[in-house]
Amino acid sequence: MRNRLAGKVALITGGTSGIGEASAELFVREGAQVLIVGRSEQKGSAIAERLGDNAVFAPADVTREEDIAASVNCTLKHFGKLDILFNNAGGPVGGKGLDGIDTDTIDYGVSLLLSSVILGIRYAIEPMKANGGGVIINNSSVAALRYRQGDNLYAALKAAVTHYSKMAGVELGPHNIRVNVISPGAIATPIFWGGSARANTLSDEENQRKFEKLKGNLAKATTLPSAGLAEDIAEGALFLASDAGRFVNCHDLVIDGGRTSLFNE
Ligand SMILES: NC(=O)c1ccc[n+]([C@@H]2O[C@H](COP(=O)([O-])OP(=O)(O)OC[C@H]3O[C@@H](n4cnc5c(N)ncnc54)[C@H](OP(=O)(O)O)[C@@H]3O)[C@@H](O)[C@H]2O)c1
């Protein structure tokens, strides 16, 4: 531990699984106080307990604006300020193909993947300005960059997240608020077997079996001989969140084991 986030307060959405859970763990290890949010109360409470006094779980559904506002308020109430917001929550949005897409699917996708980020930024601005600055990291995807890395709706919404983040970084940079995205690719998490909500319905053994199988498959899907792990994205988030990233703004940090170079269409 190098205490790279000593004295910092972070809010991580989707901290109950995969990339968000690994980021919460790393951030706490690096000295931050972290508010974890997600829908799964059982998992969130267990993770916060495991991480100790510097982690608190608050249930929230990021498709609901009031929950996003409450998450920011809860961070301020527990820890007194907000330095880092990692808008990470997300999952499959049930794309149905160009000729099968319907309004309910679009609305759900927009609220889970895009509105959650836009509103997260909105509610973080005031406390970050009051704090003299901050860091916002939004989880996008390599699907924003290449065809066939996710269904079309998911890919288009992630592309919107990337572009919105860059524009937000331009406007918030003068307030010492940096806004960046991470674009993960081929990271072994439950998103590949239906998302965290489905993983919650399976036994630990079944989830572990799926994880091991997925790691084997993803190891063949990039330029490198092993699969990407949630911890690899957490390290990227740590870089962006810490002072090491102090001059990085409006950036898309692609962490995909070279997958976007492998699939160039
Ligand atoms: N794994 C990859 O290769 C990959 C690649 C590109 C982008 N991403 C992005 O990375 C992010 C994290 O995904 P992951 O791979 O870590 O998947 P994951 O293990 O399924 O985790 C998803 C997280 O999002 C939370 N979440 C989902 N819907 C939510 C909602 N309505 N309200 C609040 N929280 C919600 C889940 O918590 P609850 O179930 O407790 O609500 C869970 O903590 C997502 O934005 C995903 O699109 C992942």
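Among 24-30, 89-95, sorting by the average number of other beta carbon atoms lying within 10 angstrom of each residue, highest first, gives 24-30, 89-95. Neighbour counts of other Cβ atoms within 10 Å put 110, 142 in the fewest-to-most order 110, 142.
A Förster distance of 30 Å, applied to the separation of the beta-carbon atoms of residue 106 and residue 261, puts the FRET efficiency at 0.45. Compared with the rule-of-thumb size 2.2 N^0.38 Å for a compact globular protein, the range 2-139 has a Cα radius of gyration ratio of 1.06. Using alpha carbons only, the radius of gyration of the range 47-121 set against its Kirkwood radius gives Rg/Rh = 1.09. Using the average count of surrounding beta-carbon atoms within 10 Å as a protection proxy, the listed peptides 219-231, 32-44, 178-190 rank, highest first, as 178-190, 32-44, 219-231. Please label the shape of the chain as rounded, prolate or oblate, based on the square roots a ≥ b ≥ c of the eigenvalues of the alpha-carbon gyration tensor (a/c under 1.5 means rounded; beyond that, a/b larger than b/c means prolate, else oblate). Here the chain falls in the rounded category. Each part reduced to its alpha carbon centroid, the range 18-79 and the range 200-265 end up 21 Å apart.
Among the listed pairs 158/215; 81/213; 77/210, a Cα-Cα separation exceeding 32 Å is found for 81/213; 77/210. A Förster radius of 35 Å combined with the Cβ-Cβ distance from residue 247 to residue 163 puts the calculated FRET efficiency at roughly 0.95. The convex hull built on the alpha-carbon positions of the range 133-231 has an orientation-averaged projected area of 7.7 nm².
Read-outs throughout are calculated quantities, based only on the coordinates presented, and are distinct from any laboratory measurement. Computed from a predicted model, the values in this text were never measured in an experiment. Note: ideal-geometry Cβ built from the backbone for every residue, glycine included; neighbour counts use all protein chains shown.
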